[in-house]
Structure formats: structure tokens, C-alpha cells
Amino acid sequence: MKRIITLLLTVAIIVCCFAGCGKTENDATTDATTEATTDVTTEATTEATTEATTVVEPITVAEAFTGDMEAILNSIVTRAIEIDMAAWTEEYEYYGIGTIECEPTPVDEDSCTSILGLDTDEFYALVDSAIESKPLGSWYTHSVVVIKLKDGVDVAETAQKIVMNTKPNRFGCLKPSSIVGAYTGNYVIFTASDESACNSVYSAVVELSALEAVRIDRENTWKNSGGLLIP
Amino acid sequence: MKIKKTASIIFIALFLITVFGLGAFVVLRTPGTVSESERRELAAKPQMTMKSVADGTFFTSFEDYLLDQFAWRDTFRRIKAVFQFGVLRQKENNGISVSHGQAFEIKSEMEEKPVNVYIKRINALADTYFSDGGYNLYSTVIPDKSMYLSEGAGIPYVDYGPIAERIKTETSAKFIDIYDLLDGNSYYATDSHWKQTEIVDVADRILTEMGANKIDGIRKNDALAPFYGVYYGHSALPLPSDEIVTLTYDTLDAVKVLRANKKTGVLEDARLYYDEYITADDAYDVFLGGACTVIVIENTCNPDGKTLYLFSDSFGRSLAPLLVSDYGRVVVFDIRYIKTSRALETVPPEQGSDILFAYSISAIEVSDNLQVK
């Protein structure tokens, strides 16, 4: 009996070890994106440096969205508001992204560090264009950002970097309760707001994008900086 | 022999309770929604779906949930913090250090970019809105308390003097230096903000530099307690609580206060001090009711006096009441939350007014959120 228990516990520990060391990335999506973008970079670089005479066929990457950045942002925000309002279950009057007047503002070299967590050089190297929707005249901590990355950029890696490095303290003393991002095609979309708004924007992105969207959740450590039980 | 067996059973039982019991407790108990000490929402129990299990997001979320809802979480955080400071003799926990009973955030040298952007924004404000019309422009910088507490505390010392010097020389506003009027005790022991009772000299110097009369006859209101500031939860240390003492004087007794509505932006009746907010998540909201885009303090004793437009952050909310003096009104703009053009539509600028830019180091660190347009 003792031997059986010992054996079972040993097996359980080994299984737990494997589970604990498991990789959690979405490999399929990451690889697909990386493959496509790496090829573009390699070919572009080769062409420039060796002055190849052969014509390189451009790789066609399907677009996740169509239209200009402001139109894309507006469509995501509009749909997110519909989703957010439909999901409202509180007894009191709806209060969320649908009640706050927001306005799009381009992200530029001045704001790229706090909004995107990128320094100026990275911003110019990685980002084609970026735009933020934020409250026009309210201290509601809410921001939706749409970023179009340049061709050849590792979208998965850059999306992860942006979502993890955007500064929660850019709203001042007030801070958002959630930060949720997604990447799809060569677009990165992330929301810093309350949990409901973040989920609504993510759902809108999934619905509106022509390509698969991969979600990125950022752990809320900006109000505690980690404690005993937080890695 | 029997005692040995009983001891073994107790030991095994304790082991199993520790390993499985605490975990089971988290799953079975009603989950909390907010960590008051950390001022944040706790992770909610994730929905188990085929998709979330398959892509692994369920387990990631469930892990966050278990971490946040762990039994006696605050107690464990406190034990860790006390052990770190008291036994390991480390100088910080969660980025917070303590010196002379004052908790403060360990800061690193500020990069040039936010200062460059701040200077650019202040100059743009001055050029766009206040270049014509006889406006008098002033600026000051509110230092972080770490400047007064980090020196000799065994952690990196950060001097904000060079930042003030750059703002002084590179902006068109007349700079008012207040660094020498503050020290570690000017701030709450458990919070990043300064105490209103300790900035009367600061207000006097600013008023004097702007050509206004100093305030006199200041009285203290009843202390509001306990006040646990932002560093109390961050440090997880058993620090003694603070108390908030607000100030008043004859002029303030008769002022009329208006605050912009969060949804509509319309100015509504308000008060200088909201004593009841001492129990709120952020008790510093006692001053002028907390964050707001536009706040107006009208001096009914001197309705024809000049207007002071104060561009500031949360520090400005405790400073503003001390600047009313002989001004007709003080208008507080927080352009982190509103475009300047829109703020000035709410309260149009009066020619010949005084304009004061008073931002803290924390605000300058993310100065790109100052909305100049």
C-alpha cells in the first residue's frame, strides 16, 4: 500500500513539474506571424545590400482591417461600446465607455514612451502609425490604442512589449484597473481601462478583424509592485 | 510509541492542510473584489470554457485568481515586508523605502525626454493661449519627497535641482523655487503628497512672487484620521497612520466652489474639503473632492479681484485654497484630463490674469499627457 501511494505521489509530482514548466505562448500564431515577417525583412535587406538583379516578389500579408487608422479605431470603439452596453447587468444606470465622450489623438514621438512603452528610436523603427482614443474632458481612466506596425516587424514580440510596457501612471494619480491587448495581422490594439471596457474592446477586435486575434493580458502589478505571493 | 504516532499524524495533518487546505480555502470561500491595502481590484474567478482551457488562458487567469484570493494574503505580505526590512536589513520592499518614519518611492534619475516634453508643452501653452493679453506667467516644480529622504538612506539619491534649473531657464514663465521650503516632514508619512499644513510658506512665497498679499489668520480644521496613504499598502509595512488636517481662513469661509461634472463637464456646486472622503480609497480626495478637469474657487469677499489660473495636478488641490488670498477667483485646470482649449471654453481666460504652472515630479515624468491643444 505504501509503495502504491509513494508511486502515485511521485507520478503526481512529475506531472506537476511538467505542467509548471509548460510553455504558454500561442506557438502557432506566433510562428505564422514571425515566418511571414522574417521573410520580408530578409529579402528586403538582401536586396538593398547586394543590389540583386532579380525581382523579389512581395509577400502579400492579409490585412486585419481596412481603412485609415482613425476609421479603424472608430469602428472598434463603436462596436466595443455596443458590446459593453449589452453586457451591462448592474441595477443602476449604465456607466462606462458608452457614456464618456472620447476623441482620437495620434501617438507621436513625444507620447510614444508613456503610451506605447517604446523609446523614440523604437517608435520610428517599429511603428507605421498609432492612434489613441481617450476621454475628451473627463478623468475616467480609459484609453484605446490602435497601432499599425511596419512590415517586417515581429508582431507578436512587439505587441507583448507594448502591452507590458505601456505606463499605467500616465493617467496621473488615477490608474486603470486592467490592461488588455491583442495583435492581429500587423496591428496591435490595447485598452487601459476598467475590466469591462478592456474585454469589450477585445471582443470588438475579434469580431472586426479579418484575421485571428491573439489576446495579451497584463497582470495588474502597478498598484502593488509585487508581494509575497505575486511573482 | 503512541505519542510518536500521534505527533506524526498531527505533522502529516498540518502538512496536508498547508499544502491543500489553503488552496481549497481559496476555492471554497466567497472571493474578495478589492484589495484595500493595495488599492486595486482583485482578480475574479475566470469562466471555464472549452476554448479557455484549450488555449491555456483559463489556467493563467485561475493562477492570478488564486494568488489574489489567497487566504490571509495581506498578513503574508506584511510578514514578508517586515522580514525583508527587519531581518534581512534590506532597504526596500515593492520599490518603497522608509527613512525617519517616512515611506517613499525609490526613484531613479529622470530621463531627459519627459523634461524636454514638459518644457515644450509649457512653452506651447504660453505661446498658444497667453502670449497676448498681458498675462503674467509663473511656474514652480513640486519635488518628490524622495529628494529629501533618500540621501544617506542607503539607496540612490535623486536630485531634482537640475530639472528645476532647466525649467527655470528654458520656459518663458517666471520660475518660483520652493525646494528650500520643504523637507521630508512636509509630506504625509504614508503618502506621496504634501501636507497642506506644511505648505503655508510655499503658498506665501508664490503669492509674494506673483505680487499678491500673503494669507493671514490661518486656522486648522479638525484632524481627519486615520489616513493610510498610497505607500502604506505598497510597502506592506505596519506603518503608523497619518491624519489629514485642512486649513481655513476668513476668506475661505466665504468662497464659492464649483467642480466640473465627470460626465458632462458642466460646473456644479462643490466644496473646498470633503471630510467624508477620509474613508475613501484615496483619502487625499478630501481636498476639493479629488481629480477633476476644472475647479473654480470664487472669492466672494473680492469678486472684482484678478483671476489666477492654476495648471496643476493633485498637489495643486491642496495648494489652491491657500492661493485665494486677494484674488477674485482661482481656477484650477488639470489638463491631464482635458484639452486646454476645452478647459478655456469652460472658464475663458481674462486678460491680465496670473497663470501658474505647478506640477509635481510625478506629473512631469509623464508630461506628454498634458493636453495643450
field: Estimated FRET transfer efficiency when R0 is 35 angstrom, pair B:THR248-B:GLN351 (beta carbons, to 0.05)
entry: 0.65
statement: Along segment B:364-372, Karplus-curve 3J(HN,Hα) (6.51, -1.76, 1.60; θ = phi - 60°) to the nearest Hz, with x for Gly and Pro, reads 5, 4, 10, 5, 5, 8, 6, 8, 7
field: Two-decimal log10 I(q)/I(0) for segment B:2-87, as the Debye equation yields it once each C-alpha is a single scatterer, q = 0.15, 0.17, 0.18 Å⁻¹
entry: -0.75, -0.87, -0.92
Estimated FRET transfer efficiency when R0 is 30 angstrom, pair B:ILE79-A:GLU219 (beta carbons, to 0.05): 0.85
message: Give me the inter-chain shielding for B:260-270: mean count of other chain Cβ atoms within 10 Å, whole number please.
response: 3
query: Setting aside same-chain residues fewer than 8 positions from B:LYS107, which lysines have a Cα under 18 Å from its Cα?
result: A:LYS167, A:LYS223, B:LYS91, B:LYS145
- prompt: Across peptide A:171-180, how many C-beta atoms of other chains are within 10 Å of each residue C-beta, on average?
  reply: 4
Summed residue charge, Cβ within 15 Å of B:LYS373's Cβ, Lys/Arg positive, Asp/Glu negative: -1
query: Which order, highest average first, do A:121-129, B:4-12 follow once you tally other Cβ atoms within 10 Å for each residue and take the mean per peptide?
result: A:121-129, B:4-12
- request: Arrange the following residues from fewest to most other Cβ atoms within 10 Å of their Cβ: B:ASP64, B:ASP334, B:ASP180, B:ASP201.
  value: B:ASP180, B:ASP201, B:ASP64, B:ASP334
message: Ranking request for peptides B:276-282, B:44-50: highest mean number of other beta-carbon atoms within 10 Å first, then the rest in descending order.
response: B:276-282, B:44-50
statement: So the compactness index of the protein assembly as shown, its C-alpha Rg divided by 2.2 N^0.38 Å, takes the value 1.09
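Would you tally the net charge around B:VAL26, using a Cβ to Cβ cut-off of less than 15 Å, leaving B:VAL26 out, and scoring K and R as +1, D and E as -1?
With Lys, Arg at +1 and Asp, Glu at -1, the neighbours total -1.
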Whichever lysines have a C-alpha closer than 21 Å to that of B:LYS373, once near sequence neighbours (fewer than 8 apart) are set aside: A:LYS134, B:LYS113, B:LYS120, B:LYS262, B:LYS263, B:LYS339
message: From the P(r) of segment A:69-218, could you give the percentage of C-alpha pairs in the tail past 22 Å?
response: 33 percent
message: How many angstrom lie between the Cα centre of segment B:221-250 and the Cα centre of segment A:146-225?
response: 35 Å
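Just to be sure I understand the rule: take each whole DSSP H helix in chain B, project its Cα atoms onto its long axis, keep it if the span is 15 Å or more and its mean Kyte-Doolittle hydropathy is at least 1.0. Which ones pass?
Span-like helices here: B:2-16.
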- request: In nm, give the distance between the simple-model label positions of A:ALA86 and A:ILE4, each being 7 Å from the Cα along the Cα-to-Cβ direction.
  value: 5.3 nm
- request: Over the whole of B:88-96, what's the average partner chain Cβ count within 10 Å per residue? Rounded to a whole number, please.
  value: 2
Residue-count net charge about B:TYR187 - beta-carbon cut-off 12 Å; Lys, Arg +1, Asp, Glu -1: -4
query: Build a GNM of chain B with springs between Cα atoms under 10 Å: which of B:ALA71, B:ALA283, B:ALA24 gets the top mean-square fluctuation?
result: B:ALA24
Debye-sum result for segment B:110-369 in log10 I(q)/I(0), which assumes one identical scatterer on each alpha carbon, at q = 0.07, 0.14 Å⁻¹: -0.23, -0.98
task: Give me the distance in nm between label points sitting 7 Å out from Cα along the Cα-to-Cβ direction at B:ASP55 and B:THR169, one decimal.
output: 5.4 nm
message: I need the calculated FRET efficiency for the pair B:LEU16 and B:GLU63, taking r as the beta carbon distance and R₀ as 22 Å, to the nearest 0.05.
response: 0.55
message: Below 26 Å, Cα to Cα, which lysines can B:LYS4 reach? Residues fewer than 8 away in the same chain don't count.
response: A:LYS2
- line: When B:THR346, A:THR120 are ranked with the fewest other C-beta atoms within 10 Å first, the list becomes A:THR120, B:THR346
message: Using Cβ counts within 10 Å as a stand-in for footprinting exposure, how do A:TYR94, B:TYR359 rank, fewest first?
response: A:TYR94, B:TYR359
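Taken together, the values in this text are just the output of simple stated rules run on the coordinates, not laboratory data. Here the structure is a predicted model, which is why all the values come from computation and not from measurement. Virtual Cβ from ideal backbone geometry, glycine too; neighbours counted across all protein chains shown.
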